[in-house]
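Written below as structure tokens is the structure these notes are about.
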Amino acid sequence: MTIHAHPDDESSKGAGSVALYSDAGVTATLVCCTGGEEGDILNPAMDRPEIKQNIAKVRQEELAKAANIIGYKRVHYLGYRDSGMPDTEANKNPDCFANAPLDEAVGRLVKIIREEKPHVIVTYPDDQQGYQHPDHLKVFDISLPAWKAAGDPLKFPEFGDPWTPLKLYYTTWSRARIEALHDMFIKLKIESPFNDAWFDRPSQDHRITTKIDVSKFSQRRSDALLAHATQVDPNSPFWFGLPSEKSAEAYPWDDYILAFSRVGQICNESDLFEGVK
């Protein structure tokens, strides 16, 4: 089970890993916490009045397409509105995810965990200094309490029988990944989209415990991103400046931090299900 803030996050973070495990027969479930209503239309071809007027429906359709490409078996919406960025009108909306009562949001997630019975959960990290979107921060805020509560029969008894997941990971974009992609741009004499600000972000590389080889799934990830036609510009040098095979050659891994484990703390993993299988 992966937990994401908005439609398109599932394609930009760990899509290759989900595709790998889905192809191997693992049931993959996506929890999307918001409808992504506040996302900017970043693709000029989709910047049209009829798209803007129906953005929630459009983004839901995009997510369904992307999830199918990646290999998710089921998609659950947590049911909250996109919070937008701090100090915006959207962020003041009482229906937005950032303003949701913590117990209420945790309970909704616990219900899904108990329904789906995942052995492994992937969520956002405790340290998000690089990008502090309120919805991304809230994903972390609810994930740990839900991880603890899902197996406790005294917590949220109205939401089904207890289920105890075995491992919880944080997804992360490593500094090594950014450096490797930047170097490939330079090697191919293509202008790199990674400016100094990327390298000024705090590095979490020392915390990485798990690297999954997803080199065979680079194109699938690109196709899933392209399914989010409102959010992803097909001409974006950041996402598509390198051919898929060159991105995979430069950095073939998805990186994770094993945050909690009920099967023992393992480092230098190459499999999210190590100790579970």
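The values are calculated or read from the model by the stated rules, or taken from the named source; none is laboratory data. The structure displayed is predicted, hence computed values, not measured ones. Cβ sites come from the backbone with ideal geometry, for glycine too, and all protein chains shown count toward neighbours.
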Number of the exception - A98 against (1) within 28 Å of T210 (Cα to Cα); (2) in contact with a Lys or Arg (Cβ under 6 Å, 6 or more places away or on another chain)
(1)
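Output the residue which, of all residues in region 259-277 that are touching a Leu at 6+ places or on another chain (Cβ under 8 Å) and more than 19 Å from D213 (Cα to Cα), is surrounded by the fewest Cβ atoms within 10 Å (Cβ to Cβ).
Going through region 259-277, the residues touching a Leu at 6+ places or on another chain (Cβ under 8 Å) turn out to be 259-263, 265-267, 269, 275-276.
In the following step, the residues that additionally are more than 19 Å from D213 (Cα to Cα) were identified as 259-263, 265.
On the way: A259: 21, F260: 15, S261: 17, R262: 14, V263: 13, Q265: 11.
Ranking the candidates gives Q265 first.
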Residues (hydrophobic (A, V, I, L, M, F, W, C), modelled with pLDDT of 95 or more and surrounded by 15 or more Cβ atoms within 10 Å (Cβ to Cβ)) located in region 182-213:
M184, F185, F194, I208, I212
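Residues that are under 14 Å from S17 (Cα atoms), touching an Asp or Glu at 6+ places or on another chain (Cβ under 9 Å) and polar (S, T, N, Q): find the helices (runs of 4 or more DSSP H) completely inside region 203-277 holding 1 or more of those. Working first, answer last.
Values: elements: 218-227, 237-240, 244-250.
Result: 218-227.
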Are any residues in region 2-27 surrounded by 24 or more Cβ atoms within 10 Å (Cβ to Cβ) and either over 16 Å from D223 (Cα atoms) or basic (K, R) (or both), and if so, which ones?
T2, I3, H4, A5, H6
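Pick out, from region 1-63, the helices (runs of 4 or more DSSP H) lying fully within it that include 1 or more residues that are in contact with a Lys or Arg (Cβ under 9 Å, 6 or more places away or on another chain).
9-12, 15-23
Can you spot a residue in region 83-101 that is assigned to a helix (DSSP H, G or I), within 18 Å of the chain's Cα centre (by Cα) and either surrounded by fewer than 17 Cβ atoms within 10 Å (Cβ to Cβ) or in contact (Cβ under 8 Å) with a residue 60 or more places away in the chain (or both)?
To start, the set of residues in region 83-101 that are assigned to a helix (DSSP H, G or I) comprises 90-92, 97-99.
Imposing the further condition that a residue be within 18 Å of the chain's Cα centre (by Cα) reduces the set to 97-98.
From what's left, either surrounded by fewer than 17 Cβ atoms within 10 Å (Cβ to Cβ) or in contact (Cβ under 8 Å) with a residue 60 or more places away in the chain (or both): 97.
Yes, region 83-101 has at least one match.
Among the residues of region 112-135, what is the count of those that are in a helix (DSSP H, G or I), in contact with a helix residue (DSSP H, G or I) (Cβ under 8 Å, 6 or more places away or on another chain) and in contact (Cβ under 8 Å) with a residue 60 or more places away in the chain? Give the steps one after another, and end with the answer.
First, the residues of region 112-135 that are in a helix (DSSP H, G or I): 112-116, 134-135.
Narrowing the set further to residues that are in contact with a helix residue (DSSP H, G or I) (Cβ under 8 Å, 6 or more places away or on another chain) leaves 113-114, 134-135.
With the extra rule that they be in contact (Cβ under 8 Å) with a residue 60 or more places away in the chain, the set shrinks to 113, 135.
Residues that pass the stated criteria total 2.
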